[in-house]
Structure formats: C-alpha cells, structure tokens
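Below: the structure, in structure tokens.
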Amino acid sequence: MGPTATRMIPPETARLQLSQMLSPAFPVGGFAWSQGLEYAMDAGWVTRATLPRWLEDWLDHGQGWSDAVLLSLALRPGADNAALDDLARAACMTSQRLTETVEQGTALSANMAALTGCPQAPAALPVAMGRACAAMSLPAAEIIAAFLQAQAAALISAAVRFMPLGPVQGQQMLAALQPRILDRAARAATASPDDLTSATWGADIAAMA
C-alpha cells in the first residue's frame, strides 16, 4: 500500500488508499485533539455562530495553512523528509501543538510500516502524510485538499460533540468551506518554505490552555 521509489500508485488505487488514511477509522488518535478548539468553545471564544470564521482563519492563517504547505513540500520528488520534519516541529507555536502533530504523525508512520512492511521514521503529521502519499499518481492539490477536508471535518466533529450543533449543520459548515479548501490546496501545491506562516494567536493560546 505504500509508496516506493520505482513504482507509482495508479490514480484509482491511490484514491482508495488516500481515503483509507484519512478515514476516522484509521488509528492515528486524531479524535483526542482539536488544535485548541475545545478550550476555545469552553471559554466562549467560539460559538455556533462564530465557528465558521474560526475554521476559515485556521485554513487561511493557522495550522491548516501551515500543514498544507508542509504536506506539499513533503510530496515533492526528492523531498528531504528529515529536514521537513525538523521544520514542521519548529513551526509549532506551542508544546501542545507539537505533541499533537508528532503523536498523530508517529501513529500514521507506524500504521504505514505495518501495512507496507517498510520501516517509517516518526514524523510530524503533514510530513508523514506527504511521505505516505508521495508515490500516488494524483495531483498534489488533490491530496492536500483531501487532507485539509479531513482535518476540518475532525474539528467540526469536535464542535458537534461539544456544543449545540447538529451533525447535519456540521456537514453544512464543511460543505460551505470546500471552495476555500480547494483554493488553499491549489496555492499550497506550489508554495515554498517561505510561505510557511501562521498568525492565529488565539488558537495558540487556546492550545496552551
């Protein structure tokens, strides 16, 4: 199931494998984390009315964008995954965020090693995902968009569990976010390390708390 240096995975198989890796059933422990959103909801910073704006800021200026850029860099031929992992860890604004991305990426790496029989060094989540998807014969923007949608869906799922927000309303929020996801994925597909930026201090403070 994993990428190799000599064999590309055809699109039809790649899409199934991508869907498998991004499924809530794939055991990476994502349900235990919310990038600070749960605290923000508890503190009243985020409500049902303001959740869409939080998600937009996450995607435009926060960890959504940072992870999209890191994933893009890891998907490229000849990517230095060890250096990118260092960069991904350095880009975490809080120790909590560092733990979150490293624990999930380590779990993803272990799962891929078990599925492919090829050892995978622990790495931050977007780097581990890029390494796992590097041999997929799919446009980078498609892989990045699928990853961002899965991350956004996990955040919305946390909101559905926490606040008075019905599952259908949560899906409506996700659908409304999709054009933005596609746009940011397309931008990230051609991004450079200089585009790795973050400016969501409220989310960082919430993650600390």
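Filtering segment 25-65 to residues that are in contact with a helix residue (DSSP H, G or I) (Cβ under 8 Å, 6 or more places away or on another chain) and small (Gly, Ala, Ser) leaves 29, 30, 34, 36, 40, 43, 62, 64. Among the residues of segment 166-209, write down those that are surrounded by fewer than 19 Cβ atoms within 10 Å (Cβ to Cβ) and farther than 29 Å from residue 139 by Cβ. Hits for segment 166-209 are 166, 167, 168, 169, 201, 202, 205, 208, 209.
Among the candidates 56, 100, 12, the residue that is over 16 Å from the mean Cα position of the chain (by Cα) and either at pLDDT below 95 or among the acidic types (Asp, Glu) (or both) is uniquely 12.
Within segment 130-148, at least one residue is in contact (Cβ under 8 Å) with a residue 40 or more places away in the chain, open to solvent by less than 10 Å² (accessible area, probe 1.4 Å), part of a loop (DSSP other than H, G, I, E, B) and of a type outside the set (D, E, K, R). Could you list, in sequence order, all residues of segment 71-114 that are out of contact with any helix residue (DSSP H, G or I) (no Cβ under 6 Å at 6 or more places or on another chain) and buried (at least 21 other Cβ atoms within 10 Å of the Cβ)? Selection gives 100 alone.
I'm trying to understand the selection: among the residues of segment 37-70, which are farther than 23 Å from residue 82 by Cα, crowded, with 21+ Cβ neighbours inside 10 Å and either basic (Lys, Arg) or in contact with a Lys or Arg (Cβ under 8 Å, 6 or more places away or on another chain) (or both)? Residue satisfying the conditions is 59 alone.
The values are calculated or read from the model by the stated rules, or taken from the named source; none is laboratory data. Predicted model, so just to flag it, every value in this text is computed and none were measured. Neighbour counts run over all protein chains shown; Cβ positions are idealised from the backbone, glycine included. With ligands, DNA and RNA removed, areas are computed over all heavy atoms of the protein, side chains included. Shrake-Rupley method; radii C 1.70, N 1.55, O 1.52, S 1.80 Å.
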